[in-house]
Amino acid sequence: MTREESLLARRQRLMGGAYRLFYGRPLHIVRGEGVWLFDAAGRRYLDAYNNVPHVGHCHPRVVEAICTQAAALNTHTRYLHEGVLDYAEMLLSRFPPGLEIAMFTCTGSEANELALRIARLATDRPGIIAVENGYHGNTWLTAQISDEEPGEPREDRIAIVPCPDTFRGTCRGPDAGARYAQAVAQAADRLRERGYPPGAFIMDTVLSSNGLPDIPADWLPEVVAVVRAAGAVFIADEVQPGFGRMGGHFWGFERLGVVPDIVTMGKPMANGHPAAAVVTSQDLVDGFGARASYFNTFGGNPVSCAAARAVLEVLDEERLPENAREVGQYLRAGLEALAERHAAIGDIRGSGLFQGVDLVSDRATRAPAGKLAQAVHNGMRDRGVLIGTIGAHDNVLKIRPPMVFSREHADLLLACLDEALAN
Ligand code: PMP
C-alpha cells in the first residue's frame, strides 16, 4: 500500500463517505508558498485553483499577524477590542454609502444564513428567491438554496429562478434581459400565492458554480428593481468575486451596476484563517436587532481580524487587484489564442484572476463536454498545474489562482492546457 492509499483508507474510516477529494489520483499536499503547493514527495504544483490563500499561500505578513495577535489575546466580541473595530473600519471603507455596518461570522455559509435572517426579520417577509445551480453554503437553509441535495424537495418559502446564462439555456436572444426580470417577478408571485411574500433575492455576483456565465451589464438593475418592488432585499454573495479577484472592481456587484442591500463575503478574507462577514445598512440591522440579538463565538475574534487586516494591507501594498486585472487580461488573450487551435473551447468567460473555459463537444450545438473537462483537469494535475471544474455539466475549467499569479505563471498554465487539450 502506498502512503497515499493508506491515508485514503484512514480518511474514509475516520471521516466517512460524504467528503470528496479532487483528482483520480488524490494529492497529498504538505506545504504552500505563494502560488506553489508541494506534495509529500517534494513535487511542486502551480496552484491555479485556490482562492482562499488570496495573497498567496503562507504570506509572511499574514502569518506574522496571526502569530503576534495569538500570542497577545484571542477572545470574542463580548469584549471591547480595537483590532476588530480597526478591521471593520478598513473593510467598510471599501463599500459605497449605505453599506455601513459589518457583522462577523466564520464561514460564507454562516454569512449567508445571517444575511437571510436579517432579510427575514427586517422585512417580515419569509420568501427567498435564489438562482438555479448556485452555491451558498452547507447549513440547512443555504443547502436548500444551493443544489447540494439532489431530489430533496425544497421548502415552500423558496423559489428558484434559472441561471441567467447567455451562452447555453433559456436566457438567450435580444429580449432575454427583460424576460429574466419577468422570471424573477413571477417567482415573487409564486411565493406570495404560497403565503410566503418574498423578503430576499440572493445571487452569487459572478455565478461561479454556474460556470461564470457573463451577465450583460444592463440586466441586474432591472432585476433588482423588480426585487425591491416586491418588498424584498438583494443579497449579493461576494464569497467568490470579492476582494479584487475580478480585477478592476473590488466587488462583483460593481461590475453589474447595482448596490446591494446586503453583501456577504468569506473565503479569501483572511487568507485561510476562518473569517467571513455580512455588510449591510443601519436600517436593516436595526430591523433585525429589534427582534434578535447576534453572537458568534469565533466570528470577529481578534486573531481572525488581524489576519483579515493583513490581507487588506497586502492587497493595497502589492497592488494585487491591479495585478489581477493585468495578468487576467494576459491570461485571457492566451486562452483566446488556444481557442483558435482547440475546437473543444466553446467559450471563455470571467475576468481578472477568475476565468472559465467552457468545453464543448460541438461548437455549433454547444453541447457540454463534461468528460473531456475531467480528463483535462486530471491531465493538468499530472503535468503539475492545479485547476478546477464547475458548471451544471461540470464542463467549465475553473482558473482561480492566488492573486500573486504572474505572467510567467500564466504562460506555464497555458502551455500545460495546450498539451492537456491535445491529448
Ligand atoms: N457562497 C459561495 C458563492 C461559495 O462559493 C461558498 C463556498 N464555496 C459559500 C458561499 C460557502 O462558504 P463556506 O464554505 O465558507 O461556508
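A few notes on this one:
- With DNA, RNA and ligands ignored, accessible area of GLU317 (1.4 Å probe; Å², nearest 10): 120 Å²
- SER406 - accessible surface, heavy atoms, 1.4 Å probe, Å² rounded to 10: 30 Å²
- Value of relative contact order over the range 34-136, rounded to a whole percent, pairs C-alpha under 8 Å and six or more apart: 13 percent
- Accessible area in the full protein assembly, largest first, 1.4 Å probe, for HIS393, HIS54, HIS28: HIS393, HIS28, HIS54
- Accessible solvent surface per residue of the range 204-293, calculated while the other protein chains remain in place, 1.4 angstrom probe, Å²: 29 Å²
- For the chain, a simple Cβ point-charge model (Lys and Arg +1, Asp and Glu -1, everything else neutral) yields a dipole of about 920 debye relative to the Cα centre.
- MRE, 222 nm, helices only [DSSP H, n ≥ 4, -39500 (n - 2.57), over the chain, to nearest 500]: -12500 deg cm²/dmol
- Highest-fluctuation residue, THR280, THR68, THR142 considered, GNM on the chain with Cα pairs under 10 Å: THR68
- Max mean-square fluctuation residue, GNM over the chain, Cα-Cα springs under 10 Å, options PRO268, PRO321, PRO216: PRO216
- Fully extended contour minus Cα-Cα distance, from THR75 to TYR294, at 0.36 nm per residue: 77.2 nm
- Within the range 312-346, trypsin sites (Lys or Arg not before Pro) in DSSP loop having at most 14 other beta-carbon neighbours inside 10 Å: ARG319
- Charged neighbours of GLU254, selected by a Cβ distance under 11 Å, balance to +1 (K, R count +1; D, E count -1).
- The range 80-142, relative contact order in percent, only Cα pairs under 8 angstrom and at least six apart counted: 30 percent
- Other residues within the sphere of radius under 12 Å centred on the Cβ of VAL314, judged by their own Cβ, net out at -2 (K and R +1, D and E -1).
- Accessible-area composition of the range 1-147, carbon plus sulfur, in percent [1.4 Å probe]: 55 percent
- Sorting LYS371, LYS398, LYS267 on solvent-accessible area from highest to lowest, probe radius 1.4 Å, gives LYS371, LYS267, LYS398.
- Remark: accessible surface ordering of HIS342, HIS81 (largest first) is HIS81, HIS342, probe radius 1.4 Å.
- GNM top mover of THR139, THR105, THR264 - the chain, alpha-carbon springs below 10 Å: THR139
- At least 24 Å along the helix axis (C-alpha) and Kyte average at least -0.5, DSSP helices within the chain: 176-193
- Global geometry of the chain, whether rounded, prolate or oblate, following the gyration tensor of its Cα atoms and the 1.5 cut on a/c: oblate
- Mean separation of Cα pairs under 8 Å and 6 or more residues apart, divided by the residue count, gives the chain a relative contact order of 22 percent.
- Within the shell of other residues whose beta carbon sits under 9 angstrom from the beta carbon of ASP358, the net charge comes to +2, with Lys and Arg scored +1 and Asp and Glu -1.
- Per-residue SASA entry for ASP218, accessible area with 1.4 Å probe, Å² rounded to 10: 110 Å²
- Rounded if a/c under 1.5, otherwise prolate or oblate - the range 333-399, Cα gyration tensor axes: rounded
The values are calculated or read from the model by the stated rules, or taken from the named source; none is laboratory data. All values derive from a computational prediction rather than experimental measurement. When we count neighbours, we look across all protein chains shown, and the Cβ atoms used for this are built from the backbone with ideal geometry, even at glycine. Just the protein is used for accessible areas: all its heavy atoms, side chains included, with ligands, DNA and RNA removed. Shrake-Rupley method; radii C 1.70, N 1.55, O 1.52, S 1.80 Å.
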